[in-house]
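**Q** Here's a structure for you.
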Amino acid sequence: QVQLVESGGGLVQPGGSLRLSCTASRNIFTIYLMGWFRQTPGKQRELVAQIRSGGITTYADSVKDRFTIFRDNTKNSLYLQMNNLKPEDTAVYYCNADPGGSSWDYWGQGTQVTVSS
């Protein structure tokens, strides 16, 4: 079992940057997959980025070359660095974990990101 808490969201201007943080209740060294999702009302939930315990990353096409996911196991934390933000990036962002590589089971409460001038 692991509990996840997201933070770092806020209001930013288009072209700006933001770093989201996800802090886990225990060490994340043994968790196979961790990732970031985003949700906008009326739209399908999207897997934005994921990272394996070994460091291999995967990104949605919509955020490639702009977002970077990384984890710091010593701090029990997962991060999402978001650069060159666009209005369409506006959403609630959720951290999640998939310990065995089969299902995402540990949703956090989410953090709101709003990109607007």
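**Q** Report, by residue number, each residue of the stretch 67-106 that is of a type outside the set (A, V, I, L, M), in a loop (DSSP other than H, G, I, E, B) and either within 30 Å of residue 15 (Cβ to Cβ) or free of Cβ contacts under 8 Å to residues at least 12 places away in the same chain (or both).
**A** Answer for the stretch 67-106, where residues must be of a type outside the set (A, V, I, L, M), in a loop (DSSP other than H, G, I, E, B) and either within 30 Å of residue 15 (Cβ to Cβ) or free of Cβ contacts under 8 Å to residues at least 12 places away in the same chain (or both): 83, 84, 86, 90, 102, 103, 105.
**Q** Oh, and also: What's the total number of residues in the stretch 70-106 that are touching a Cys at 6+ places or on another chain (Cβ under 8 Å) and either of a type in the set (S, T, N, Q) or loosely packed, with under 14 Cβ neighbours inside 10 Å (or both)?
**A** Residues meeting the conditions: 1.
**Q** Has the stretch 70-91 got any residue that is of a type in the set (Phe, Trp, Tyr), closer than 13 Å to residue 5 by Cα and modelled with pLDDT of 95 or more?
**A** yes
**Q** Now for a different question. Quick one: how many residues across the stretch 8-65 are surrounded by 16 or more Cβ atoms within 10 Å (Cβ to Cβ) and out of contact with any Lys or Arg (no Cβ under 7 Å at 6 or more places or on another chain)?
**A** Number satisfying all stated conditions: 18.
**Q** Going by the conditions given, is residue 19 among the charged types (D, E, K, R), in a strand (DSSP E or B), more than 22 Å from residue 1 (Cα to Cα) and touching a residue at least 24 places away in the same chain (Cβ under 8 Å)?
**A** Yes: the conditions hold for residue 19.
**Q** Read through the list (1) acidic (Asp, Glu); (2) assigned to a strand (DSSP E or B); (3) closer than 24 Å to residue 117 by Cβ, then give the number of the only condition that residue 6 fails.
**A** Just one mismatch for residue 6, condition (3).
**Q** Does any residue in the stretch 43-62 that is closer than 15 Å to residue 97 by Cα and part of a loop (DSSP other than H, G, I, E, B) come within less than 7 Å, Cβ to Cβ, of a residue that is aliphatic (A, V, I, L, M) and open to solvent by less than 60 Å² (accessible area, probe 1.4 Å) six or more places away or on a different chain, and which pairs are these?
**A** From residues that are closer than 15 Å to residue 97 by Cα and part of a loop (DSSP other than H, G, I, E, B), the pairs are 53/31.
The values are calculated or read from the model by the stated rules, or taken from the named source; none is laboratory data. All figures in this text were calculated on a predicted structure; none of them were measured in a lab. Neighbour counts run over all protein chains shown; Cβ positions are idealised from the backbone, glycine included. Side chains included, ligands, DNA and RNA excluded: accessible areas come from the protein's heavy atoms. Shrake-Rupley method; radii C 1.70, N 1.55, O 1.52, S 1.80 Å.
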